[in-house]
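First up is the structure itself, then whatever we jot down about it.
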């Protein structure tokens, strides 16, 4: 039974939207340059849309999509070889990809805990994390925004990262024992 084009399109958009951040993190694991990751992710989405009719809806979408991502990363490395001094061997990329796939459930659990822990932070600490990791503002700009010295800013970042790390670990342990 063939799906109507509108229904297939809606399913595709829904699956891509739900898994977009997972795919981006997966690619970033294999290609730790943000601009390269964005470029490859765009190509992955295009490839998936072209081959979406081949997707077996009885199977999980993310592993299927990650396979496209893996192949696009390999192609990217091959195309970039002349311009890059360091090229990871295909075997290393394969090991990284497998390790990332195996860790996905743990990473998803920790990400959910991170989101809950961020909600527990005070307003000033949330602004600090937002500026540093979401907005990627320069250190000087963040220090000025928060009226802090660079030294104080880095101490506060370390303190908040430690609080988040401990909160995430507690949340994961509590979740597993619940």
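Each reported figure results from applying straightforward, stated rules to the coordinates on display, with no laboratory input. A quick note: this is a predicted structure, and the numbers were derived from the prediction, not measured. All Cβ positions, glycine included, derive from the backbone under ideal geometry; neighbour counts span all protein chains shown.
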Point to revise | Estimated inter-spin distance, residue 115 and residue 133, nm [label 7 Å along Cα→Cβ] | key: 1.4
Practice item. Mind sorting 55, 70 by how few other Cβ atoms lie within 10 Å of their own Cβ, fewest first? Key: 55, 70
Check your understanding: Expressed in nm to one decimal, what extension gain is obtained for the pair residue 140 and residue 108 from 0.36 nm per residue of sequence separation less their Cα-Cα distance?
Key -> 8.3 nm
Exercise for review: Find how much the distance from residue 55 to residue 10 grows on full extension, using 0.36 nm per residue of separation minus their present alpha carbon separation; answer in nm with one decimal.
Suggested key: 14.8 nm
Review point. Counting pairs of alpha carbon atoms under 8 Å apart in space and at least six apart in sequence, what relative contact order in percent does the chain give?
Key: 19
Practice item. Kindly provide the helix-only [θ] at 222 nm of the chain, computed as the sum of -39,500 (n - 2.57) over DSSP H runs of four or more divided by all residues, to the nearest 500 deg cm²/dmol? Key: -26000 deg cm²/dmol
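When a footprinting reagent is the concern and you count Cβ atoms within 10 Å, what order do 152, 17 take, fewest first?
Fewest-to-most ranking of 152, 17: 17, 152.
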Review point. By its C-alpha gyration tensor, with a ≥ b ≥ c as the square roots of the eigenvalues, how is the chain shaped: rounded for a/c under 1.5, else prolate for a/b larger than b/c, else oblate?
Key: prolate
Revision key, fill the gap. Least to most buried among 22, 9, by other C-beta atoms within 10 Å and fewest first, runs 9, 22
